[in-house]
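> Provided herewith is a single structure, encoded as structure tokens, for subsequent inquiry.
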Amino acid sequence: MGIGSLSLPSPPQFIILSLLLLCAFGEAVDPFACDPKDAVTAGFPFCKVSMPMSDRVNDLVGRLTLQEKVRLLINGAAPIPRLGIKGYEWWSEALHGVSDVGPGTKFGGAFPGATSFPQVISTAASFNATLWEAIGRVVSDEARAMYNGGSAGLTYWSPNVNIFRDPRWGRGQETPGEDPVLAGTYAAYYVKGLQGNDGDRLKVAACCKHFTAYDLDNWNGVDRFHFNAQVSKQDIEDTFDVPFKMCVQDGNVASVMCSYNEVNGVPTCADPNLLRNTVRGQWKLDGYIVSDCDSVGVFYNTQHYTTTPEQAAADAIKAGLDLDCGPFLAQHSEDAVKQGLLNEVDINNALVNTLRVQMRLGMFDGEPSVQPFGKLGPKDVCTPSNQELALEAARQGIVLLKNSGVSLPLSHRRHQTVAVIGPNSDATVSMIGNYAGVACGYTSPLQGIGSYVKTIHQLGCANVACRDDKLFSAAIDAARQADATVLVMGLDQSIEAEFRDRIGLLLPGRQQELVSKVAKASKGPTVLVLMSGGPIDVSFAKNDPRIGAILWAGYPGQAGGAAIADVLYGTTNPGGKLPMTWYPQDYVSNLAMTDMAMRSSRHRNYPGRTYRFYKGPVVYPFGHGLSYTNFVHTIVNAPHVVTVPLDGHRRSGNATVLGKAIKVNHARCNKLSVGLQVNVKNTGSKDGTHTMLVFSTPPAGHWAPSKQLVAFAKVYVPARSEQQVGISIHVCKFLSVVDQSGVRRIPIGLHRIHIGDVKHSVSLEAATLGVIKS
């Protein structure tokens, strides 16, 4: 169904309104610096675009006084009138659309809204890297347009690429899920979409956050400001840091944000090993490192890591922090220099990193309107194509969890009246999750279903808390009257959010009771649609034969209701897969969120975390997702033996391969990969897009994961036809594991590749010359 036939706002009307308001609000702004109309300041060397950027940056830093420098170390950077430089607000957000979180962005006037895409956990379920990059391009178009109109900045502290380690985490919805390779791939592609592909120039500057081991907000009396995450070197290397490394090295992100928590007793924003040595030293970040908001103040005032504020400022800057979200560095850095705790050159180094990013954004290039992206404006926000992409993203992120007896898709002929029930049945703002902005408009589930058939609407519960049964009887009556029943249940930000971790995994209040009673009364098929960021234990519905189908819609964005309806009626064949494990409630009954260990431990009765290390019962596993058709895989070409060349004169008999595992830094990794050719056949009667997940089980080892995602692909296959897909698995990146000392190694021996029900074994051998044998 096309966008024009749904209940989305009319894009032409939206644009006309924006243009009418342009004169009143959001007019094009004067240059941030180097205004060509100011003959004095425009002549400074740092304004000369023809000069090497490093020379321009150094010229500017050399002109600043210490007092001016420290006022540039914070998100609300002060103006420097004598140099023609305006103040700048660094804090803007663009997690899944331009957001109004943070002071850098203002909606209203010419920019009443922006396209609000599905929450990240939903988009991750598409396993579609091309889609993630396309969303990034649209978001950065709209961000640039708003910047040109004086309503936004150019530095966006997104995406959130933390691992969804514990299913109760309130911010898990912001992340790409529990798998480090999935999260890292998402990070790289979304960042590429945001930042553009114009070499060293930036369209906007993205930021991967929150580094590192941050995945607890407020649980059982422990909050993120006081939490000391005890993390092994092994878990840091093979889980928590992976998305950040991929974001920096594959996505070339312009910024990394350090987190509130301590890691092994050291605040992340004061840890030179994490910031200076790892992010900038090993990974070669070309950009700036920023604190989470007030993190420096937190490690002084709350964590009491230093005895004076000046020492805190000095520790943060010397550790590698370049920018403070908050006032702390502006207040105490000058005194830290005067007390001899900090050298002015350390401040200079921080400013080189931030100012270089601003120059890469074109902020010192004079008139914005003549620069690339300078013509973007209100007409480029909430366009028909942007809103269509939001709808398509929502469709691709919906996961069909259960479909008994082909309950779905619904039929126009047989199901002419549908009861639409539940506290999320007419949701609008709830659909966009957190860190969102003002959407262009909404299509609720009720509106979406109503575009197909006649509906009977009852809430059943006043809200998702569902504290009583006062509205149950009307909902039950509606189900008795209708030809089919759709229950739209789940969570919202009152249950899971920043600084709000969940208590358990069950549906809130009396939602389960409502679902069961309505399903029992329904005269037609009953479909359960779940909105949530985190997993929900819906074992009761999975096992109830009266509930024919279950959909997980996540938080599907502004067009979520249209996408849900398209899946319910078969206009869209669902192809999403779960990006996180859905655990039973028992899993968290005796599991502390504060226990950071990923691997299971029998001697302390610890179950382990995520599909990579947890082997117990699940409601639905990572990667689960059904379709309205059937796909069959066949591996048509793949090597059986791959030799791993060793660097230099190393031989397989030395410590390099001790324990039958080669250190990655001793192997010639470069383009060493395993190539597979896979046929995907659609044996059903409906066209569909298949999400192919490729897993590897490494040779047996007590510290290796039971399996890990090594590749994924999206392929459209018409009914009763087949397509061939090429898969390349980088050996050093994706077939390696991490030992207990935190060293990444390539296990020698048999690696089992899993694609659906098909398995293929590849033997890795150590050799001094790289040869792939078939």
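> State which residue is nearest to Asn348 (Cα to Cα) when the search covers only region 299-332 and only residues that are of a type in the set (Val, Ile, Thr) and open to solvent by less than 20 Å² (accessible area, probe 1.4 Å). Reasoning before the result, please.
Restricting attention to region 299-332, the residues satisfying the condition of being of a type in the set (Val, Ile, Thr) are 302, 306-308, 317.
This time we only want the ones that are open to solvent by less than 20 Å² (accessible area, probe 1.4 Å), so: 306, 317.
Working: Thr306: 23, Ile317: 10 Å.
Looking at the filtered set, the residue picked out is Ile317.
Yes or no, residue by residue, for (1) in the same structural domain as Tyr587 (by the TED database); (2) in a loop (DSSP other than H, G, I, E, B); (3) surrounded by 24 or more Cβ atoms within 10 Å (Cβ to Cβ):
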residue	(1), (2), (3)
Ala152	no, yes, yes
Phe164	no, yes, yes
Glu178	no, yes, yes
Val191	no, no, yes
Asp198	no, yes, no
Arg201	no, yes, no
Tyr214	no, yes, yes
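> State which residue is least open to solvent (accessible area, probe 1.4 Å) when the search covers only region 337-349 and only residues that are closer than 18 Å to Arg280 by Cβ and in a helix (DSSP H, G or I).
Among those residues, the one meeting the criterion is Ile347.
> On to the next question. Being surrounded by fewer than 23 Cβ atoms within 10 Å (Cβ to Cβ), assigned by the TED database to the domain that holds Asn434, under 26 Å from Gln173 (Cα atoms) and touching a strand residue (DSSP E or B) at 6+ places or on another chain (Cβ under 9 Å) narrows it down to one of Gln512, Gln481, so name that one.
It is Gln512.
> With the requirement that a residue be assigned to a helix (DSSP H, G or I) and within 11 Å of the chain's Cα centre (by Cα), what does region 102-133 give you? Talk me through it step by step, then tell me what you get.
First pass over region 102-133, keeping only residues assigned to a helix (DSSP H, G or I): 120-124, 129-133.
If the condition is that a residue be assigned to a helix (DSSP H, G or I) and within 11 Å of the chain's Cα centre (by Cα), then Val120, Ile121, Ser122, Thr123, Ala124, Trp132 are the ones that fit.
> Considering (1) in contact with a Gly (Cβ under 8 Å, 6 or more places away or on another chain); (2) at pLDDT below 95; (3) buried (at least 16 other Cβ atoms within 10 Å of the Cβ), say which one Lys660 fails and leave the rest.
Here Lys660 meets the rest and fails (3).
> Please find, among Leu321, Leu285, the residue that is under 22 Å from Glu93 (Cβ atoms), free of Cβ contacts under 8 Å to residues at least 40 places away in the same chain, in the same structural domain as Ile347 (by the TED database) and not in a helix (DSSP H, G or I). Show your work before the answer.
On the way: Leu321 fails: free of Cβ contacts under 8 Å to residues at least 40 places away in the same chain.
Only one candidate passes the filter, namely Leu285.
> Now a separate question. Identify all residues within region 362-378 that are modelled with pLDDT of 95 or more, crowded, with 16+ Cβ neighbours inside 10 Å and out of contact with any Lys or Arg (no Cβ under 8 Å at 6 or more places or on another chain); write none if there are none. Lay out the reasoning, then the answer.
Filtering region 362-378 down to residues modelled with pLDDT of 95 or more leaves 362-365, 373-378.
Okay, now just the ones that are also crowded, with 16+ Cβ neighbours inside 10 Å, so 362-365, 373-374, 376-378.
If the condition is that a residue be modelled with pLDDT of 95 or more, crowded, with 16+ Cβ neighbours inside 10 Å and out of contact with any Lys or Arg (no Cβ under 8 Å at 6 or more places or on another chain), then Met363, Asp365, Gly374, Gly377, Pro378 are the ones that fit.
> Tell me, yes or no, whether region 580-599 has at least one residue that is basic (Lys, Arg), open to solvent by less than 40 Å² (accessible area, probe 1.4 Å) and at negative phi.
Within region 580-599, the first condition is being basic (Lys, Arg), and the residues that meet it are 599.
From the residues that got through so far, the ones that are open to solvent by less than 40 Å² (accessible area, probe 1.4 Å) too are 599.
Adding the requirement that they be at negative phi leaves 599.
For region 580-599, residues basic (Lys, Arg), open to solvent by less than 40 Å² (accessible area, probe 1.4 Å) and at negative phi: present.
> For region 459-505, give me the residue count where each residue is touching a residue at least 40 places away in the same chain (Cβ under 8 Å) and under 24 Å from the mean Cα position of the chain (by Cα).
Final tally of qualifying residues: 15.
> Quick one: which of Glu334, Glu392 is outside the structural domain of Tyr583 (by the TED database), more than 30 Å from Lys37 (Cβ to Cβ), of a type in the set (D, E, K, R) and in a helix (DSSP H, G or I)? Give the steps one after another, and end with the answer.
Numbers: Glu392 fails: outside the structural domain of Tyr583 (by the TED database).
Just one listed residue meets the conditions, Glu334.
> Looking for whichever is within 23 Å of Asn630 (Cα to Cα) and either open to solvent by 10 Å² or more (accessible area, probe 1.4 Å) or not hydroxyl-bearing (Ser, Thr, Tyr) (or both) here; the options are Pro556, Pro535, Pro574. Which one fits? Talk me through it step by step, then tell me what you get.
Numbers: Pro556 fails: within 23 Å of Asn630 (Cα to Cα); Pro535 fails: within 23 Å of Asn630 (Cα to Cα).
Step by step, each of Pro556, Pro535, Pro574 is checked, and only Pro574 is within 23 Å of Asn630 (Cα to Cα) and either open to solvent by 10 Å² or more (accessible area, probe 1.4 Å) or not hydroxyl-bearing (Ser, Thr, Tyr) (or both).
> Quick check on this structure: which one of Ser444, Ser404, Ser411, Ser473 is at pLDDT 95 or above, surrounded by 17 or more Cβ atoms within 10 Å (Cβ to Cβ) and not aromatic (Phe, Trp, Tyr)? Explain how you work it out, then say what you get.
Working: Ser404 fails: surrounded by 17 or more Cβ atoms within 10 Å (Cβ to Cβ); Ser411 fails: surrounded by 17 or more Cβ atoms within 10 Å (Cβ to Cβ); Ser473 fails: surrounded by 17 or more Cβ atoms within 10 Å (Cβ to Cβ).
So the residue among Ser444, Ser404, Ser411, Ser473 that is at pLDDT 95 or above, surrounded by 17 or more Cβ atoms within 10 Å (Cβ to Cβ) and not aromatic (Phe, Trp, Tyr) is Ser444.
The values are calculated or read from the model by the stated rules, or taken from the named source; none is laboratory data. Note that the structure is predicted; figures quoted are calculated from it, not measured. Neighbour counts run over all protein chains shown; Cβ positions are idealised from the backbone, glycine included. Heavy atoms of the whole protein, side chains included, go into the accessibility calculation; ligands, DNA and RNA do not. Shrake-Rupley method; radii C 1.70, N 1.55, O 1.52, S 1.80 Å.
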